[in-house]
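Below you will find the structure I want to go over with you.
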């Protein structure tokens with residue numbers, strides 16, 4: 001892939017998150033990365049795999065999910081363009097704790113987790129960016145926990161729709177339902193009820 005195009009993409013993603021990253025750092029990240037276009041519906045990493053590689057979605061959509069004792073999958077989260085995927089290793093896990101699959105054809109930038117951690121340790125501006133990303137991740141985690149503790153299913157869906165409006169159109173409803181911790185049938189009823197309320 002063209003380096004300038006990738007730098008522009010990464011700069012755009014950073015800007016959308018309110019971050020500024022030096023082009024020199026972006027060049028270093030690109031130099032230790034590889035790129036793959038992955039077909040829709042492909043498993044790109046499984047529970048128990050090592051976490052040597054991490055990814056950034058450049059285009060498309062990736063989903064992470066758990067599998068319970070009965071073989072049901074429960075959506076942990078979604079990674080549209082500009083979001084990290086396969087990031088378990090950044091949080092100290094030596095093995096994957098969830099599955100990662102593409103929901104549509106996706107271009108993913110893969111990098112060695114250890115190499116990125118080394119860049120973070122050695123580069124103060126990059127460390128500042130990483131701290132901001134971690135803060136965003138913690139805010140997201142707290143938002144999610146709050147939803148399960150104090151909101152009913154309809155409120156969780158309304159907040160999901162406000163926070164991720166583009167996902168409501170692109171992601172299969174069954175995956176949104178498991179993300180919200182409800183059955184697909186319950187989500188259908190909630191959506192129908194909201195449509196009636198809004199006329």
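The values are calculated or read from the model by the stated rules, or taken from the named source; none is laboratory data. Everything numeric here is computed off the predicted structure, so don't read it as measured data. Reconstructed Cβ throughout: ideal geometry from the backbone, glycine too, with neighbour counts over all protein chains shown.
Please list, ordered by residue number, the helices (runs of 4 or more DSSP H) wholly in the stretch 103-198 having 2 or more residues that are in contact with a helix residue (DSSP H, G or I) (Cβ under 9 Å, 6 or more places away or on another chain) and in contact (Cβ under 8 Å) with a residue 12 or more places away in the chain.
113-122, 124-150, 153-163, 173-180, 184-197
When the stretch 22-41 is examined, which residues are found to be in a loop (DSSP other than H, G, I, E, B) and either within 27 Å of residue 64 (Cα to Cα) or modelled with pLDDT of 85 or more (or both)?
If the condition is that a residue be in a loop (DSSP other than H, G, I, E, B) and either within 27 Å of residue 64 (Cα to Cα) or modelled with pLDDT of 85 or more (or both), then 32, 39, 40, 41 are the ones that fit.
Give just the number: which of (1) modelled with pLDDT of 85 or more; (2) farther than 25 Å from residue 168 by Cβ; (3) surrounded by 14 or more Cβ atoms within 10 Å (Cβ to Cβ) does residue 81 not satisfy?
Evaluating residue 81 over (1) modelled with pLDDT of 85 or more; (2) farther than 25 Å from residue 168 by Cβ; (3) surrounded by 14 or more Cβ atoms within 10 Å (Cβ to Cβ) leaves (2) as the failure.
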